[in-house]
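Okay, so here's the structure we're looking at.
The values are calculated or read from the model by the stated rules, or taken from the named source; none is laboratory data. It should be emphasised that the depicted structure is a prediction, and the values quoted were computed from it without experimental measurement. Positions of Cβ are generated from backbone atoms using ideal geometry, with glycine treated the same way; all protein chains shown enter the neighbour counts. Ligands, DNA and RNA are stripped out before the accessible areas are found, and what is left, the full protein with its side chains, is counted by its heavy atoms. Shrake-Rupley method; radii C 1.70, N 1.55, O 1.52, S 1.80 Å.
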Amino acid sequence: MPSSDSDDFESADEGRSSPNKRERKKRLSSSNYSDNFESDHEPQKSEDQLSTKLKEATTLSNKLDNAEDGWDDFDIDNEAIETSKIVPEKTISALKPESKANTDEAQSGWDDFDDWGDNDNSDNIQDTQPEQPLNNQQQTSTAKHPDQPKSDGWGWGWGVDSILSTATAGISTLTTQVSQGISTVLETGIGAPDPEELAKKSVKTHESNPNSTESKPTESEEKKFEPSVNDSSFQFGNLLSGVTKFVESTGTKVIAGGLDTLETIGKKTMEVLQEGDPGLAKKKALLGLDTDKPVLSQVLREAKAKADEEDLMREAKREAKEVHYETLFDDYEGLVHLEALEMLSRQLRMRIDERLRAAPPDKRLDIKETLQQVAELCEMPEEDDEDEDEEQISEDMSKPDALHERLQRATRDIGLKLQFQPLIKQYTEILTWLESMDSDTTIKAIYKKSVSGLAQTTALSMELYHKTAEMLLVKNRRSTADEADALTQLTVVLTKHISELATQFTEKLSSHPSEDKEQVNNYITNVFLEAGNSSKYIENAFQLTLPIIQIGAV
Amino acid sequence: MVDPIFDYQFRLILIGDSTVGKSSLLKYFTDGKFAELSDPTVGVDFFARIIEVQDGTRIKLQLWDTAGQERFRSITKSYYRNSVGALLVYDVCNRSSFEHIPLWMMEAKRHIEPHRPVFALVGCKVDLVGTDNKNGARREVSCEEARMFAEENGLHHVETSAKTGQNVEQAFILVAQEVYNRIQTGEYKVEDGWDGIKTGFNRPNGMDFNLLEAETVQSTCC
């Protein structure tokens, strides 16, 4: 994946230009790390009752070179990383010192084991056990330091061939894992290193590792010691199984510890990478590195669940629509009449403004005054203004007829033939429904009827205002004051009608023998709320007719 | 008046001379009925019907039936703006109603601007043509010349009868499909402040969810 990102190149160069400085820095910080690492692992060691020895060993630690030598493998890995980094020239500079630092950390962590093994192997058998995993490392080190007195250690150590191989296997596994882990980190984190290069290196590591004992100088050492080995190996033969076990467990620990380290390396690397590259998360998402591939069945299950949910939602929506005031209002074409009235009102307002602009300045004030007067005429009267007409309507008149009478009276001076029939018809229908109610009628049914009844009444009112406005505009002879008065009266009658409807519905609701009083109260509240809503729509429509009345006066 | 779920709402406007049969056409389309007698339209009336376009998308057609009478002309002009389609309606037995079509089209174009509506040329009352010449009904607009005019102006053309129902459905589906196609190609978009096209689920205030909750509560109680 050749990254064309020039930033990466630059930073990579930067990283290499001052490697020493960075190295030093990282070493400093990594020492903290290794401290932690040691302390983390201390309890484990003390379990083996070696803590004292260990401390001794640490102090004594002949910080010679065994650490370095013992970790040849790591160095190889390190090199491998570095080469792989250099070859594709894509790695982010931050990684280099970091990974190195982390390897260092691992190394220092491992110093203990080296030292520990060295010191103990001469003391007693118990203590020699830990030597085993280190022995193979030791062997390489001995290759470089043949002077070191290792004879007895080597003597039996070599003899316990199987132990050695197990240990070696353990270590090599570790190494392989380390190298794999690092390469994984590299691959997933950056996606940069050339896989071929990595593969080559790791193969090399594989080859060299299990055979680390066989590396040429070591081999010669071993051969030298061969004769003296046999006795001690017999001596400790019965301990073999125990030793093997220990080695195995140590190996496991080593691996576990190594993996922990790797995890830390990985995490740290990612942190550093992300710090240096804020867009990394995006890139990762883009490359699909993060997406854990879902199983087909899972996808299908989810799809089905989604479909079911949608069906349910659709059904629920359908259901909800039945009691949704705004939806019903729309369905009864209240909304579209209101919209049309708004359009008309807007256009008339513009026309009035035009006339105002076109008028000579001395007349402009007059026009403004007239407009203001009309607006005042169209103000809603106070609530407590009892209409005397009310009294004159005969008591024995049916409710719809009474409504019709009131509407007629309110608009008798408007000079138009208005259509009240739809409103009357709808009111009659509502009343019939309420009368035909029986004990089987649920509160929900009443509620539904209330909401739809209010919505329809309001919609019809919208139509009434809209039609009245249209007819006023085509009327030959305008009489502004009468029109204003008539529409004001009409609004009063309609809002009263709405509240009367609401009262009738809520009375039915509250007298319902339902157990669920809370729900009844909820419904009653909602009915009054929608009634308030209806009145607002009606008053709003009335105000929209204002420019239509005004234009007749100017 | 149950209103099922729909995906889009298109607002179409019907324009043309008075008495060409706009209201009858709409009445048949929405009710399936033909009214022998009907009052002249005052200002604008509304009709609605849900149809399906080819891919099954449900479209609510909100139809604005304008008054053809001259005296309402200044009013009806106010209603053009929010339309995504316009049906130019003429009477095949009324020559002048066809001759006024270019004027209606210009007027619509001017008022719907900046939006470019889908136009359809719809001839009405084809049932009066032909068999029964005693009534004095005579075709005054040939199908060919109407088609030619339609082609020149890039319109769809269809001849209908609100009495027999011939082609009534097609006239509206034609326009709806064309509007829908233009949505698909991205030419038309749902826009705030323009009601030509609306999405169906965009109910005012979107209170459905509140109500859903209320419903659930209720069902657990009872």
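Scan A:Leu371, A:Leu365 and give me the residue that is more than 13 Å from every other protein chain (Cβ to nearest Cβ), modelled with pLDDT of 90 or more and open to solvent by less than 100 Å² (accessible area, probe 1.4 Å).
A:Leu371
Checking A:Ser514 against (1) in contact (Cβ under 8 Å) with a residue 60 or more places away in the chain; (2) part of a helix (DSSP H, G or I): exactly one of these is not met. Which one?
The number of the failed condition is (2).
Which residues, counting only those in the range B:95-120, are more than 25 Å from B:Arg182 (Cβ to Cβ) and surrounded by 23 or more Cβ atoms within 10 Å (Cβ to Cβ)?
Of everything in the range B:95-120, those that are more than 25 Å from B:Arg182 (Cβ to Cβ) and surrounded by 23 or more Cβ atoms within 10 Å (Cβ to Cβ) turn out to be B:Ser97, B:Phe98.
Just the residues that are of a type in the set (A, V, I, L, M, F, W, C), more than 14 Å from the chain's Cα centre (by Cα) and not in a helix (DSSP H, G or I), please, taken from the range B:65-96.
Matches in the range B:65-96: B:Val92, B:Cys93.
Considering each of B:Ala137, B:Ala146 in turn, give the residue that is part of a helix (DSSP H, G or I), open to solvent by less than 50 Å² (accessible area, probe 1.4 Å) and hydrophobic (A, V, I, L, M, F, W, C).
B:Ala146
Give the residues of the range A:383-413 that are closer than 19 Å to A:Ala484 by Cβ and either at pLDDT below 90 or open to solvent by 60 Å² or more (accessible area, probe 1.4 Å) (or both), sorted by residue number.
Within the range A:383-413, A:Asp385, A:Asp387, A:Asp389, A:Gln408, A:Arg412, A:Asp413 meet the criteria.
Kindly evaluate A:Ala486 against the criterion of being of a type in the set (Gly, Ala, Ser), open to solvent by less than 20 Å² (accessible area, probe 1.4 Å), part of a helix (DSSP H, G or I) and over 19 Å from A:Leu328 (Cβ atoms).
Criteria met by A:Ala486.
What is the number of the single condition among (1) in a helix (DSSP H, G or I); (2) open to solvent by 20 Å² or more (accessible area, probe 1.4 Å); (3) away from every other protein chain (no Cβ under 13 Å) that A:Val554 does not meet?
Going through the list (1) in a helix (DSSP H, G or I); (2) open to solvent by 20 Å² or more (accessible area, probe 1.4 Å); (3) away from every other protein chain (no Cβ under 13 Å), A:Val554 breaks only (1).
Only one of these is away from chain B (no Cβ under 11 Å), farther than 30 Å from B:Asp195 by Cα, hydrophobic (A, V, I, L, M, F, W, C) and without any contact (Cβ under 8 Å) to a residue 12 or more places away in the chain: A:Leu296, A:Leu377. Name it.
Only one candidate qualifies: A:Leu296.
Quick one: A:Leu546 ticks every box in (1) under 19 Å from A:Ser452 (Cβ atoms); (2) away from chain B (no Cβ under 14 Å) bar one, so which box is it?
It is condition (1) that A:Leu546 fails.
Looking at (1) open to solvent by less than 10 Å² (accessible area, probe 1.4 Å); (2) out of contact with any Gly (no Cβ under 9 Å at 6 or more places or on another chain), can you tell me which one B:Leu61 breaks?
The single condition B:Leu61 does not satisfy is (2).
Just to be sure before I move on: is A:Ala340 within 8 Å of another protein chain (Cβ to nearest Cβ), touching a residue at least 60 places away in the same chain (Cβ under 8 Å) and either open to solvent by less than 10 Å² (accessible area, probe 1.4 Å) or within 18 Å of A:Ala541 (Cβ to Cβ) (or both) in the structure I sent?
So A:Ala340 fits the description; yes.
Kindly indicate the residue of the range A:489-530 that is open to solvent by less than 10 Å² (accessible area, probe 1.4 Å) and within 29 Å of A:Val374 (Cβ to Cβ) and also nearest to the other protein chains (Cβ to nearest Cβ) among those meeting that condition.
Among those residues, the one meeting the criterion is A:Leu490.
Sort out which residues of the range A:310-334 are buried (at least 22 other Cβ atoms within 10 Å of the Cβ), more than 12 Å from A:Val451 (Cβ to Cβ) and more than 8 Å from chain B (Cβ to nearest Cβ), and write them in order of number.
A:Gly334
Rundown of residues vs (1) within 11 Å of another protein chain (Cβ to nearest Cβ); (2) in contact with a His (Cβ under 9 Å, 6 or more places away or on another chain); (3) farther than 21 Å from A:Glu342 by Cβ; (4) without any contact (Cβ under 8 Å) to a residue 12 or more places away in the chain, yes/no style:
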{"position": "B:Ile51", "(1), (2), (3), (4)": "no, no, yes, no"}
{"position": "B:Gly56", "(1), (2), (3), (4)": "no, no, yes, yes"}
{"position": "B:Ile59", "(1), (2), (3), (4)": "no, no, yes, no"}
{"position": "B:Leu63", "(1), (2), (3), (4)": "yes, no, no, no"}
{"position": "B:Thr66", "(1), (2), (3), (4)": "yes, no, no, no"}
{"position": "B:Gln69", "(1), (2), (3), (4)": "yes, no, yes, no"}
{"position": "B:Arg73", "(1), (2), (3), (4)": "yes, no, no, yes"}
{"position": "B:Lys77", "(1), (2), (3), (4)": "yes, yes, no, no"}
{"position": "B:Leu87", "(1), (2), (3), (4)": "no, no, yes, no"}
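Give the residue that is nearest to the other protein chains (Cβ to nearest Cβ), with candidates limited to residues of the range B:184-222 that are modelled with pLDDT of 90 or more and farther than 23 Å from A:Val336 by Cα.
B:Gln184
When you scan the range B:161-182, do you find a residue that is free of Cβ contacts under 8 Å to residues at least 12 places away in the same chain and open to solvent by less than 40 Å² (accessible area, probe 1.4 Å), even just one?
Checked the range B:161-182: no residue is free of Cβ contacts under 8 Å to residues at least 12 places away in the same chain and open to solvent by less than 40 Å² (accessible area, probe 1.4 Å).
Considering only the range B:26-43, state which residues are within 14 Å of another protein chain (Cβ to nearest Cβ) and at pLDDT below 95.
B:Asp39, B:Pro40, B:Thr41, B:Val42, B:Gly43
In the range B:33-53, which residues are of a type outside the set (D, E, K, R) and open to solvent by 50 Å² or more (accessible area, probe 1.4 Å)?
Listed by number, the residues that qualify are B:Phe34, B:Leu37, B:Ser38, B:Pro40.
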